[in-house]
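To keep things clear, I will list the structure first and then write my remarks on it.
The values are calculated or read from the model by the stated rules, or taken from the named source; none is laboratory data. Because the structure is a prediction, the values reported are computed rather than measured. Cβ sites come from the backbone with ideal geometry, for glycine too, and all protein chains shown count toward neighbours.
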Amino acid sequence: MNTTTTTLDLGRQSLMSRRSPSDWLFAALVIGGAAYAFRRYGVSMDGYEKGILFGAVPALIALGWFWGALRLLAVAVGGASLLAINLYARTTDSFGADLVAGGQVFWLKYLLSSQSAILWMGTLFFMSTLFYWFGFFSRQAGVAGNGDSAGLRIGSGLAWAAVFMALTGTMVRWYESHQIAPLVGHIPVSNLYEVFVLFCWLTTLFYLYYEAHYKTRTLGPFVMLVISSAVGFLAWYIFAREAHEIQPLLPALQSWWMKLHVPANFIGYGTFALSAMVALACLLKTSTTRNLWIGLVGLPAGVLVLMGLYALFGAPDAGMQGALTKGLRMIGGTAAFFAVMILLRTPVNARTPTPELMDDLMYKAIAVGFAFFTIATVLGAFWAAEAWGGYWS
């Protein structure tokens, strides 16, 4: 009994002794920031929001201690968000914000309002993808697993910058929603626009962690393609549907289950998407050329032929015709991308990591996604029961 107690005490002492002064400084900043937020905005918080605030303190400290790169990100996002709130507050004498200032105050209009920050996010993600690919095919990246080319380093830095702008935009949008009206404010995970922003920064953060853990940047070109695809959809959604406008929550969404279910779900989506793109790189390295042409190009081409025949002779209505046209474009574009990758597989394979490394990365990412997707499914069932009276209705 005494031996066990001594071992536990030594374990705790070892855990604490490994903490550096910067660890404790970060913890103090997080605790101080939470205290300031509660003192200034506590009267406006409901029980759930207070729970988020107090639960976020140990979670953020633990994450910062686990992965040091998150410390600077957390401090920078917190500082930028508070600056945006202060700029909004300066335009009115009463408590709250004049949201018109978002289009008038220079720093809000061009950088820190939620819409500006998210547009910057998209631009930085596109630039990151381009630099990752430029760096990938540079001479310096000619050895498999070498992630030291200038293009790859710039691509990684731009990905971090995009995550910073995405998180800043999310925090400021949360604040802006509460300034429209008391019953409008909500955590920004309630519609397709908001969850695509969530998907982009979550998936990128997971990739950046694995990039640092495995010490290779040569999978960035593949993973950033799916992020850029999401950003492309987001851009269309903004300009075609004006989806960036903050809307009141529908009655079914006015539930704290949503605030748990959606983030858990998108951790699953993000890690699965990351794994899928790494799997493509792994397939290019391990499969035969014949199998790649059959599986990645021939099969989609067969689907395209069947869809085209149905579009010509099946007499679909206008709605179905539009869906078929969209499907033909998506599948055709994907098959064309696969064909290009197969044609370039020799230089691509010379630069990607070993199959064993990619397999380990995929395994760990899928394990995280499976766990969170399971949690999200259970939470979604509870949410459905509360909203509609049935778990699976």
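If you check Val340 against the conditions, is it under 30 Å from Leu152 (Cα atoms), surrounded by 13 or more Cβ atoms within 10 Å (Cβ to Cβ) and aliphatic (A, V, I, L, M)? Taking the combined requirement at face value, the residue does not satisfy it. Within the stretch 122-140, the set of residues being in contact (Cβ under 8 Å) with a residue 40 or more places away in the chain, over 14 Å from Ser156 (Cα atoms) and in a helix (DSSP H, G or I) comprises just one member, Gly122. Does Lys215 satisfy being on the phi < 0 side of the Ramachandran plot and of a type in the set (Lys, Arg)? Here the answer is no, as Lys215 does not meet what is asked. Residues of the stretch 165-186 that are surrounded by 20 or more Cβ atoms within 10 Å (Cβ to Cβ) and either under 11 Å from the mean Cα position of the chain (by Cα) or among the β-branched types (Val, Ile, Thr) (or both): Ala166, Leu167, Thr168, Thr170, Val172. Listed by first and then second residue, the pairs linking a residue in the stretch 372-393 that is under 11 Å from His261 (Cβ atoms) to a residue that is surrounded by 13 or more Cβ atoms within 10 Å (Cβ to Cβ) and among the β-branched types (Val, Ile, Thr), with Cβ atoms under 7 Å apart and 6 or more places separating them unless they lie on different chains, are Phe372/Ile267.
Only residues that are farther than 28 Å from Ile227 by Cα and in a helix (DSSP H, G or I) were counted in the stretch 177-186, giving 3. When the residues of the stretch 88-116 are filtered to those that are buried (at least 21 other Cβ atoms within 10 Å of the Cβ) and closer than 24 Å to Arg40 by Cα, the one that is modelled with the lowest pLDDT is Ala97. Considering Val189, Val195, which residue is touching a residue at least 24 places away in the same chain (Cβ under 8 Å), under 16 Å from the mean Cα position of the chain (by Cα) and in a helix (DSSP H, G or I)? From the options Val189, Val195, the qualifying one is Val195.
Counting only residues that are under 13 Å from Leu304 (Cβ atoms) and within 26 Å of the chain's Cα centre (by Cα), the stretch 337-347 holds 1 of them. The residues listed here are Leu60, Leu25; of these, the one that is hydrophobic (A, V, I, L, M, F, W, C) and surrounded by 15 or more Cβ atoms within 10 Å (Cβ to Cβ) is Leu60.
Taking Thr203, is it modelled with pLDDT of 95 or more and either closer than 27 Å to Val43 by Cα or of a type in the set (Gly, Ala, Ser) (or both)? Taking the combined requirement at face value, the residue does not satisfy it.
Within the stretch 238-281, the residues that satisfy the criterion of being out of contact with any Leu (no Cβ under 7 Å at 6 or more places or on another chain) and outside any helix (DSSP H, G or I) are Glu242, His244, Glu245, Ile246, Gln247, Leu249, Leu250, Gln254, Ser255. Is there a residue in the stretch 208-216 that is outside any helix (DSSP H, G or I) and either of a type in the set (Phe, Trp, Tyr) or in contact with a helix residue (DSSP H, G or I) (Cβ under 9 Å, 6 or more places away or on another chain) (or both)? Among the residues of the stretch 208-216, at least one is outside any helix (DSSP H, G or I) and either of a type in the set (Phe, Trp, Tyr) or in contact with a helix residue (DSSP H, G or I) (Cβ under 9 Å, 6 or more places away or on another chain) (or both), which makes the answer yes. Restricting the first member to the stretch 290-316 and to residues that are closer than 16 Å to Gly333 by Cβ, and the second to residues that are among the polar types (S, T, N, Q), the beta-carbon pairs closer than 7 Å and six or more apart or on different chains are Pro300/Thr334. Test Pro300 against the criterion of being more than 26 Å from Lys364 (Cα to Cα) and either of a type outside the set (A, V, I, L, M, F, W, C) or surrounded by fewer than 14 Cβ atoms within 10 Å (Cβ to Cβ) (or both), and give yes or no. For Pro300, the condition - more than 26 Å from Lys364 (Cα to Cα) and either of a type outside the set (A, V, I, L, M, F, W, C) or surrounded by fewer than 14 Cβ atoms within 10 Å (Cβ to Cβ) (or both) - is met.
Results for (1) under 22 Å from Gly169 (Cα atoms); (2) at pLDDT below 75; (3) in a helix (DSSP H, G or I), shown as yes or no for each residue.
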site: Thr5; (1), (2), (3): no, yes, yes
site: Leu8; (1), (2), (3): no, yes, yes
site: Leu15; (1), (2), (3): no, yes, yes
site: Arg19; (1), (2), (3): no, no, no
site: Trp24; (1), (2), (3): no, no, yes
site: Ile31; (1), (2), (3): no, no, yes
site: Ala35; (1), (2), (3): no, no, yes
site: Arg71; (1), (2), (3): yes, no, yes
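Among the residues of the stretch 273-287, those that are under 18 Å from the mean Cα position of the chain (by Cα), buried (at least 18 other Cβ atoms within 10 Å of the Cβ) and of a type outside the set (Val, Ile, Thr) comprise Ala273, Leu274, Ser275, Met277.
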